[in-house]
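**Student:** Here's a structure for you.
The values are calculated or read from the model by the stated rules, or taken from the named source; none is laboratory data. These numbers come from a predicted model, not from an experiment. Note that each Cβ is placed from the backbone with ideal geometry, even for glycine, and that neighbours are counted across all protein chains shown.
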Amino acid sequence: MSKSKLEKISFVASKGEESEEALDRLTGLYGNVDPGKAEVIVALGGDGLMLQTAHKFMNSGIPVYGMNLGSVGFLMNEYNEDKLLDRLKAAQVTEIHPLAMTASGTEGETYIAQAINEVSLLRQTHQAAKLKISIDGQVRMDELICDGLILATPAGSTAYNLSAHGSILPINSPLLALTPISPFRPRRWRGALLPNLAKIRINVLESAKRPVSVVADHTEFRDICSVEITEDQAATCLMLFDPGHNLDERILREQFLY
C-alpha cells in the first residue's frame, strides 16, 4: 500500500451528537470524498465503529484510520483535528487477517461470518454449555462445561478475551487465544494458545437441552450445534496507527497495567 498521498479522505462516523459534530468540522477542513474514490477511510467513534468499518473495507486495499470518540478506543488513535494529513502520512500500517467461521445450526442451517476480534460461543439459557474441542482433526477436550468459549485473534486478545482472563498476544504473533468463560469442568483449565493456521472445531453437546449461540464480532447466530474456525489468510484489512500508538505498543502497555 502506498502512503505517498492519503489526501482523499472519506469520513465515517458513529451515531451520536459528538461524532456527527466532529464529522461536520472535519469535512469542512479536509473535504469528504465518496468511499469509492478515497485513499483512506477515517472512522470517528469507538472500537465498534472501527470493527464495522474494517469489515466493510476488507480486501479493498483502502486503509482505515480511527479517531476515538468512544469509551475505550483500543483500535483507535487519539482524536485531534489538527494536521490530519500529516498524521495520516506518518501513520504505521498494521495488516489484520480475520477469522473465518462456519457454523451449523440445529435445524441444518449453515452460517458463515468473519471476525477481526473474536468468535465467541455463549450459553443461551440458565444451563451451562457442554462443548467438545478438536484441533486439526484431533479431539483435545471431550467435554468442557462452561458459560462459553472465545477464540481471539491478536487484535482481539485485549477485548472480550482479556476480560475472561485470556492471554494477550502481540499483534504479529502467529497465534490465537482459546479462552473459556467461567469454566466449571475442568475447573482449572485456563485455555490454550494455538497456531494461527490451526483448524478449530467445537461441537455443542446436548444442544437441545443446553442451547448455544455463536458471535463473530458483531454478528450472532443462535441454536448452534457445531462451529469450525480458522484464520482467513486470503482476507486482509489495513489499519493505520500513529507512531508509538500502534497495536504492538498498546498490547505491551496493557500487559503492564496493575
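**Student:** Which members of the stretch 6-46 meet the condition of being among the charged types (D, E, K, R), closer than 17 Å to Leu69 by Cβ and in a helix (DSSP H, G or I)? Before the answer, list the steps.
**Tutor:** First, pick out the residues of the stretch 6-46 that are among the charged types (D, E, K, R): 7-8, 15, 17-18, 20-21, 24-25, 34, 37, 39.
Those left that are additionally closer than 17 Å to Leu69 by Cβ: 15, 17-18, 20-21, 24-25.
Correct list: Glu17, Glu18, Glu20, Glu21, Asp24, Arg25.
**Student:** May I ask you to list the residues in the stretch 204-258 that are of a type in the set (Phe, Trp, Tyr) and more than 30 Å from Lys130 (Cα to Cα)? Give the derivation first.
**Tutor:** At the first step, the residues of the stretch 204-258 found to be of a type in the set (Phe, Trp, Tyr) are 221, 241, 256, 258.
Selection gives Phe241, Phe256, Tyr258.
**Student:** Further question: Scan the stretch 197-235 residue by residue and report those that are over 20 Å from Asp136 (Cα atoms) and of a type in the set (D, E, K, R).
**Tutor:** Matches in the stretch 197-235: Glu206, Lys209, Arg210, Asp217, Glu220, Arg222, Asp223.
**Student:** Out of Ala115, Ala128, report the one residue that is buried (at least 24 other Cβ atoms within 10 Å of the Cβ), touching an Asp or Glu at 6+ places or on another chain (Cβ under 7 Å) and modelled with pLDDT of 95 or more. First the steps, then the outcome.
**Tutor:** Numbers: Ala128 fails: buried (at least 24 other Cβ atoms within 10 Å of the Cβ).
None of the others qualify; the one that does is Ala115.
**Student:** Can you name the strands (runs of 3 or more DSSP E) wholly within the stretch 76-183 that have at least 2 residues being within 21 Å of the chain's Cα centre (by Cα)?
**Tutor:** The qualifying strands (runs of 3 or more DSSP E) are 92-96, 99-105, 110-115, 118-123, 148-152, 175-181.
Conditions tested, residue by residue: (1) touching a Gly at 6+ places or on another chain (Cβ under 8 Å); (2) loosely packed, with under 14 Cβ neighbours inside 10 Å; (3) among the polar types (S, T, N, Q).
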position: Ile9; (1), (2), (3): yes, no, no
position: Gly16; (1), (2), (3): yes, no, no
position: Arg25; (1), (2), (3): no, yes, no
position: Gly36; (1), (2), (3): no, yes, no
position: Gly61; (1), (2), (3): no, yes, no
position: Lys83; (1), (2), (3): no, yes, no
position: Asp86; (1), (2), (3): no, yes, no
position: Met101; (1), (2), (3): no, no, no
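**Student:** Could you check how many residues of the stretch 47-63 are without any contact (Cβ under 8 Å) to a residue 24 or more places away in the chain and part of a loop (DSSP other than H, G, I, E, B)? It would help to see each step written out before you state the result.
**Tutor:** Applying the first criterion (without any contact (Cβ under 8 Å) to a residue 24 or more places away in the chain) to the stretch 47-63 yields 56, 60.
Filter once more, keeping what is part of a loop (DSSP other than H, G, I, E, B): 60.
Going through the stretch 47-63 one residue at a time, the tally reaches 1.
**Student:** Take Pro180 and decide whether it is within 18 Å of Arg210 (Cβ to Cβ), surrounded by 13 or more Cβ atoms within 10 Å (Cβ to Cβ) and touching a residue at least 12 places away in the same chain (Cβ under 8 Å).
**Tutor:** On the way: within 18 Å of Arg210 (Cβ to Cβ): yes; surrounded by 13 or more Cβ atoms within 10 Å (Cβ to Cβ): yes; touching a residue at least 12 places away in the same chain (Cβ under 8 Å): yes.
Answer is yes for this residue.
**Student:** Separate question: One residue is enough: does the stretch 77-93 have a residue meeting the conditions closer than 23 Å to Leu175 by Cβ and in contact with a strand residue (DSSP E or B) (Cβ under 9 Å, 6 or more places away or on another chain)?
**Tutor:** Let us first name the residues in the stretch 77-93 that are closer than 23 Å to Leu175 by Cβ, namely 92-93.
Okay, now just the ones that are also in contact with a strand residue (DSSP E or B) (Cβ under 9 Å, 6 or more places away or on another chain), so 92-93.
Yes, there is a match, as at least one residue in the stretch 77-93 is closer than 23 Å to Leu175 by Cβ and in contact with a strand residue (DSSP E or B) (Cβ under 9 Å, 6 or more places away or on another chain).
**Student:** Quick check on this structure: which one of Ser134, Ser163, Ser173 is surrounded by fewer than 20 Cβ atoms within 10 Å (Cβ to Cβ) and under 27 Å from Gly105 (Cβ atoms)?
**Tutor:** Details: Ser163 fails: under 27 Å from Gly105 (Cβ atoms); Ser173 fails: under 27 Å from Gly105 (Cβ atoms).
Sole residue among the options that is surrounded by fewer than 20 Cβ atoms within 10 Å (Cβ to Cβ) and under 27 Å from Gly105 (Cβ atoms): Ser134.
**Student:** Taking Phe11 as meeting all but one of (1) farther than 20 Å from Ala216 by Cβ; (2) of a type outside the set (D, E, K, R); (3) without any contact (Cβ under 8 Å) to a residue 24 or more places away in the chain, write down the number of the exception.
**Tutor:** Here Phe11 clears every test but (3).
**Student:** Which one of the conditions (1) outside the structural domain of Met141 (by TED's automatic domain parsing); (2) assigned to a loop (DSSP other than H, G, I, E, B) does Arg250 fail to meet, given that it meets all the rest?
**Tutor:** Arg250 satisfies every listed condition except (2).
**Student:** Against the conditions (1) part of a loop (DSSP other than H, G, I, E, B); (2) closer than 21 Å to Leu122 by Cβ, where does Ile202 fall short? Just the number, please.
**Tutor:** Going through the list (1) part of a loop (DSSP other than H, G, I, E, B); (2) closer than 21 Å to Leu122 by Cβ, Ile202 breaks only (1).
**Student:** Another question, then. Using the structure shown, decide if Pro174 is touching a Leu at 6+ places or on another chain (Cβ under 8 Å) and either among the polar types (S, T, N, Q) or over 27 Å from Ile62 (Cα atoms) (or both). Reasoning before the result, please.
**Tutor:** Working: touching a Leu at 6+ places or on another chain (Cβ under 8 Å): yes; either among the polar types (S, T, N, Q) or over 27 Å from Ile62 (Cα atoms) (or both): no.
For Pro174, the condition - touching a Leu at 6+ places or on another chain (Cβ under 8 Å) and either among the polar types (S, T, N, Q) or over 27 Å from Ile62 (Cα atoms) (or both) - is not met.
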